[in-house]
Amino acid sequence: MLDNETIAREIEAAASELAQEAGNILASRFGREMSVEYKDKGERDPVTEADKASQKYLVEEITKRFPGHSILGEEDPEDSEKSDAGCADFLWVLDPLDGTTNFLNGLPIYAASIGVLYRGTPLAGALFIPWPGPGGGFVLHCRRGGGCFAGEEPVTVYQSDEVAKNRLVGLPGSFAYTTRFGGQLRENSGEPRTTGSIAYELAMTACGVLQYAIIGAPRMWDMLAGALAVQEAGGTVMTRLPGEKRWHPMESLVPTWEEKPPTMKELRGWVAPLVAGNQQVAPLVARNLRRRFHLGATLRHLSRRLRPARKPSSE
């Protein structure tokens, strides 16, 4: 892990400044008509001119200030020339607008998220969060070992030894269909909310607004800054990286970095579930998550496994 506190402070300060400016870019376009494209045929994954303008600004500034660092942005083209290239020790991971659908529909629940990895381990993060009051929002920022702050004010996760019935919790929209609570959470799992922005939910968990948040399958740009914010606000983030069966506290996002540094394409494909909350509640929630049984899906899976192999063509 990086042992130069001066570099970590410099990166945190820069990330905070850039998050604020990205937030200004988004706020200037909020509530206005804008051009929209879709990344999928079902038109459920939009990208707007606000996403693009925010990322363009961030990439240009990071490249100018930290020319030796790598950058992974959500809106990078899939066939980018750098996709098969290696990654520098410092990687800036950007979600220029998390919660685009909310943004398009005039719901001010979104975030601009900037996270920084050092050789696979979260180092610093900053998020612009729209909020009532002067300036229309605040920047939540942190660095490893330095605490978490909303502007100049320190923040902490909600403290409780068990799940509180009347406190809010963040759940994915698909949770009721795919997952259920078992054990002692079967009768009490808190007051569920689905916000439509992973970065926003993690920020709210760091600030103690949500007592915990379950994130089903985030990409690295969705979760990096917010997950580190939860940890630095006194909480913990439980995860299961690809190939793992057990939940454990999040440390490195790429444990194999030292032996085999990843390509940018591999980093773009990163995904892992998370449970974020305080030191007692997050592990408790992770232990009590259960998959729902769906007969139709199980039968389809068995049918594929039992289907005879096709004979090779004689032509």
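Coordinate-derived values only; no laboratory data. Predicted model only: the values in this text are computed from it and were never measured. Positions of Cβ are backbone-derived with ideal geometry, glycine not excepted, and every protein chain shown enters the neighbour counts.
Of 56/265; 39/265; 64/265; 39/245, which pairs sit farther than 28 Å apart, going by alpha carbon to alpha carbon?
39/245
Between residue 271 and residue 178, the simple label model (points 7 Å from Cα in the Cβ direction) yields a spacing of 0.8 nm. Looking at segment 158-189, the trypsin sites (Lys or Arg not before Pro) that sit in a DSSP loop and have at most 14 other Cβ atoms within 10 Å of their own Cβ are 165, 186.
Between residue 248 and residue 109, how high is the FRET efficiency from 1/(1 + (r/R0)^6) when r is the Cβ-Cβ distance and R₀ = 35 Å? Nearest 0.05.
Numbers: r = 30 Å, r/R0 = 0.85.
The pair residue 248/residue 109 has a calculated efficiency of 0.70.
Think of it this way: in the chain, 87, 207 stand alone, with no other Cys Cβ under 4.7 Å. Mean sequence separation of contacting Cα pairs (under 8 Å, at least six apart), scaled by the length of the chain, corresponds to a relative contact order of 18 percent.
Expected output is a single nm value to one decimal: the length gained when fully extending between residue 36 and residue 256, i.e. 0.36 nm times separation in residues minus the C-alpha distance. What is it?
Gain on stretching residue 36 to residue 256: 75.4 nm.
Does the chain come out rounded, prolate or oblate, given a ≥ b ≥ c as the square roots of the eigenvalues of its C-alpha gyration tensor, rounded meaning a/c under 1.5 and, failing that, prolate meaning a/b above b/c? Note, shape of the chain comes out rounded.
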